[in-house]
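Written below as structure tokens is the structure these notes are about.
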Amino acid sequence: MKCPFCAHLGDKVVDSRESKEGEVIRRRRECLGCGKRFTSYERIDEIPYMVIKKDGTRERFERQKLIAGLLKACEKRPVSVAALEGVADAIEATLQERPEKEMSTEQVGALVMDHLKQLDKVAYVRFASVYRHFRDIGEFMSELKDLLNAKE
């Protein structure tokens, strides 16, 4: 660490403390060149996970957007918020495990549909109807028939 007073590169740490939230470490340092003390702060630099939208633009992955979509699909359904949090956790974990820090909205939507299909069939159909942009009632009926046949 370079001393802000004399630019000497040698120092010793006199005191270290974590912030109340545990997100930052405050270190009190003493310059070995001039003897003056100064404070440094350390925090983890998180690499944001990105979502590639259909138009090619990229934006940060936002868990709240994911949960909002899940809540909308599960509106008036017997699905607990804890179950939706679990789906969001699983999708976030999938994103974090990938070597790339990006995922397309199509991939995110497919993961959501896989989880919703197991969680609640009606919520799955609601999400799929918005996500897949069915062109006509025939495509929608085909999806429903596939869902019913999988159940048998």
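Tabulated data
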read-out	value
Set Glu23, Glu85: member being of a type in the set (D, E, K, R) and within 30 Å of Arg126 (Cα to Cα)	Glu85
Residues satisfying the stated conditions in the range 39-59, i.e. surrounded by 10 or more Cβ atoms within 10 Å (Cβ to Cβ) and of a type in the set (Val, Ile, Thr)	Thr39, Val51, Ile52
Residue satisfying all of: in the range 1-26; under 30 Å from Glu102 (Cα atoms) and outside any loop (DSSP other than H, G, I, E, B); modelled with the highest pLDDT among these	Ile25
Of all residues making up the range 74-87, the number that are of a type in the set (A, V, I, L, M, F, W, C) and outside any helix (DSSP H, G or I)	2
Verdict on Lys53 being among the basic types (Lys, Arg) and over 20 Å from the mean Cα position of the chain (by Cα)	no
Where Ala88 falls short, out of the listed (1) loosely packed, with under 12 Cβ neighbours inside 10 Å; (2) under 22 Å from Ile47 (Cα atoms); (3) among the small types (Gly, Ala, Ser)	(1)
Subset of the range 16-31 (residues that are of a type outside the set (S, T, N, Q) and within 16 Å of Arg43 (Cα to Cα))	Arg17, Glu18, Lys20, Glu21, Gly22, Glu23, Val24, Ile25, Arg26, Arg27, Arg28
Filter pass, Gln96 being surrounded by fewer than 12 Cβ atoms within 10 Å (Cβ to Cβ) and either of a type in the set (Val, Ile, Thr) or without any contact (Cβ under 8 Å) to a residue 40 or more places away in the chain (or both)	no
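For every residue, the table says whether it meets (1) more than 22 Å from the chain's Cα centre (by Cα); (2) part of a helix (DSSP H, G or I).
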| residue | (1), (2) |
| --- | --- |
| Arg28 | yes, no |
| Gly33 | yes, no |
| Phe38 | yes, no |
| Ile47 | no, no |
| Lys72 | no, yes |
| Gln107 | no, yes |
| Leu111 | no, yes |
| Lys117 | no, yes |
| Ala123 | no, yes |
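The values are calculated or read from the model by the stated rules, or taken from the named source; none is laboratory data. All values reported here derive from a predicted model rather than from experimental measurement. Please note: Cβ atoms are built from the backbone with ideal geometry, for glycine as well, and neighbour counts cover all protein chains shown.
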